[in-house]
Amino acid sequence: RSLGLAPVGTIVQHQGTVESFQRVSNLERRYIRTVGEDDWATLVRLDEAAHDVSRGNLFAALERCATGVICERDGEPLGFALSRRFGHGHVIGPIIAETDAIAIALVESHLWTLEHKFVRVDVPLEALQLRAFLECVGLSPVGRVTAMVRGQLRSRAGPRRVAGLVSQA
């Protein structure tokens, strides 16, 4: 607060070892595919619409170390999720999605490759469906932090929203 930051929400850290699980997403898997080389500009655009700020430099760094999945319907991107090595396991984030169902399907796609591995996902407190899914697959809530911004919270430019963070920082 002394630096001009104001609280705008709560982030819940979920983590644990992913055990075998049944897919819960009703979203058809044909809409989700692996992120390719030509998709990174689209990811930056979706992220910018959700955050209302360009984070191109962040994505340039993520492109070197992360794998991703993207959800598209009729050529329209509806969301994406990235995963990368982090600490003593993996982190899934950022997650940008139009709906909770899409966010869950995107996370599920990563979890299939991370079974029996330690995984962390940082999600907004209000992402109730995603948080319930994470708990069902063994990623327990282990902590909460206050999300803060300097100045006014920017409004998003489109229907995509932040379902998971790249990091708490």
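Computed quantities for the displayed model
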read-out	value
The lone exception for H88 - which of (1) at pLDDT 90 or above; (2) over 17 Å from the mean Cα position of the chain (by Cα) it fails	(1)
Filtered residue count, region 30-40, keeping only those that are without any contact (Cβ under 8 Å) to a residue 12 or more places away in the chain and either of a type in the set (D, E) or surrounded by 12 or more Cβ atoms within 10 Å (Cβ to Cβ) (or both)	2
Region 58-84 - residue that is touching a strand residue (DSSP E or B) at 6+ places or on another chain (Cβ under 8 Å) and charged (D, E, K, R) and, of those, modelled with the lowest pLDDT	E72
Number of the exception - V142 against (1) part of a helix (DSSP H, G or I); (2) in contact (Cβ under 8 Å) with a residue 12 or more places away in the chain	(1)
Condition check for L43: within 18 Å of G164 (Cα to Cα), open to solvent by less than 30 Å² (accessible area, probe 1.4 Å) and at pLDDT 90 or above	yes
Residue list for region 34-57, filter: out of contact with any strand residue (DSSP E or B) (no Cβ under 9 Å at 6 or more places or on another chain) and of a type in the set (G, A, S)	A41, S54, G56
Some residue of region 77-84 being of a type in the set (K, R), within 22 Å of I11 (Cα to Cα) and under 15 Å from the mean Cα position of the chain (by Cα)	yes
Which numbered condition A105 fails, given (1) among the small types (G, A, S); (2) assigned to a strand (DSSP E or B); (3) under 21 Å from R30 (Cα atoms)	(2)
Scope region 84-102; condition open to solvent by 60 Å² or more (accessible area, probe 1.4 Å) and in a strand (DSSP E or B); matching residues	R85, F86
Criterion violated by V53 - all others in (1) exposed (fewer than 14 other Cβ atoms within 10 Å of the Cβ); (2) assigned to a helix (DSSP H, G or I); (3) in contact (Cβ under 8 Å) with a residue 40 or more places away in the chain satisfied	(2)
Which numbered condition I70 misses (of (1) in a helix (DSSP H, G or I); (2) open to solvent by less than 50 Å² (accessible area, probe 1.4 Å))	(1)
Options V119, V137: the member that is touching a His at 6+ places or on another chain (Cβ under 9 Å), of a type in the set (V, I, T) and surrounded by 17 or more Cβ atoms within 10 Å (Cβ to Cβ)	V119
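The values are calculated or read from the model by the stated rules, or taken from the named source; none is laboratory data. Nothing here was measured: the structure is a model prediction, and the numbers come from that model. Quick reminder, even Gly has a Cβ in these numbers, built from the backbone with ideal geometry, and neighbours come from all protein chains shown. Heads up: the accessible areas ignore ligands, DNA and RNA and are worked out on the full protein's heavy atoms, side chains in. Shrake-Rupley method; radii C 1.70, N 1.55, O 1.52, S 1.80 Å.
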